[in-house]
1. How many lysine pairs are close in the stretch 1-156, with Cα atoms under 20 Å apart and the two 8 or more places apart or on different chains?
2. Within a Cβ distance under 13 Å of L174, other residues only, what is the Lys/Arg minus Asp/Glu net charge?
3. Just in the stretch 80-180: which trypsin sites (Lys or Arg not before Pro) are loop by DSSP and have at most 15 other Cβ atoms within 10 Å?
4. How large is the accessible surface per residue of the stretch 36-194, computed with a 1.4 Å probe and reported in Å² as a whole number?
5. With every protein chain in place, what's the accessible area of I5 (1.4 Å probe, Å², nearest 10)?
6. Local charge sum around P89 (other residues, Cβ-Cβ under 13 Å, Lys/Arg +1, Asp/Glu -1)?
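The values are calculated or read from the model by the stated rules, or taken from the named source; none is laboratory data. The shown structure was predicted, so the numbers you read here are calculated from the model rather than taken from an experiment. Cβ: placed from backbone, ideal geometry, glycine included. Neighbour counts: every protein chain shown. The protein model used for the area step is the full one, side chains on, heavy atoms only, and it has no ligands, DNA or RNA in it. Shrake-Rupley method; radii C 1.70, N 1.55, O 1.52, S 1.80 Å.
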Amino acid sequence: MLPFILPNVFAIVPQLSAADFATLALPGLTPLFALTDHPQATVVMLESLKLLQEKSSTDAFNTHVLPMVYGALLSSHPQVQDRALQAVPLIARSIGPRDLREGLLPRVQHVYSKANILSHKVRALICLHGMLSALDRTSIVEKIMPQLKRTKTREPAVVIAMLSMYEEIGLKHLDRQLVATEIIPVLWAQSVDERLRVPQFDRFMQVIGKLSDRVRTEHRRHMETIQRVDVQAAAVEELVISDTPEGTAGDSSNGSFEAIVKGQASLRNPLAGLPVSQNTPGWEWDAPATNEQPLPGGILKETRVEVDLMGSSSLDVMNGRHAAGPAADSNGDDFGSFSSFIPPPKPPPGRQPVAS
């Protein structure tokens, strides 16, 4: 009797307010939502699904009505499953994202993958298409796209339904890289199927053209942006180089690594050009004694003085004075005594020097 009573009930429900429906009609309908052995009653309630959603609160709909839809999608009765697939697009955009991803989407995908009836497969694709606007990008990339790629059916009705999904996904949900690498090649492969008719082939060309135009426009804009940034960076670098003082790190004529590698520059002594200190500390015997003598014109002549073991110096030799033995020169300087040039030895630590 349920298939004959329920149409009368749902004819009265539009005249009830939401509060009256919650108190008068919903308590009597709640047990019927869980029925699995009355396919005709389930079909009638699925046909009135939109009305039930309008009159029920969100909590009541999610608690009582959605489980009926989930069960109908997995029903073994083809007519119940077909009616549930037709009702899914009506509620897909109004339920919560979590219920959509975890409850409705997996069951519709199950129907699509297991369907042996062509109309069920097409309706499942239509349901998936209706969910796209409510799904996030991750769900589309990880759940929808792989299932479409695994589809082996090449029936024109299925292929055209997939084409509509690819069109919306490529234009609204994915970036240009995925469109160029994941969608357009698939569409080209499907478009050359011999079972397609001319209008269907033209439809493929139209969608491929739209997606190709999007990739071309966005990628060209991206490349122009990169080129503009490179030009600005080069201009800034040239400005910095032009403002660098000559002889610093900006001078590439002497110290540039690139110039050295190409053989266009030589390594420069880093100490070249530095002032030389006249009072550089060191040992006395490191620097030879010098004697500057004026030359005509005010030029100084540097003469090295060397003392030989015989008591004569190179300066004496140059001036014509040479002592062959221990003798004193005209100025009274004793060059003969070589011991006067040798300092006395230092005593070892802890010992006193012996008086001579």
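1. Values: K114/K143; K114/K149; K114/K152; K121/K143; K121/K149; K121/K152; K143/K152.
Qualifying lysine pairs in the stretch 1-156: 7.
2. Neighbourhood net charge equals -3.
3. For trypsin sites (Lys or Arg not before Pro) across the stretch 80-180 that sit outside H, G, I, E and B with at most 15 neighbouring Cβ atoms in 10 Å, the list reads R93, R150, K152, R154.
4. 46
5. 80
6. That sum, taken over residues with Cβ under 13 Å, equals +4.
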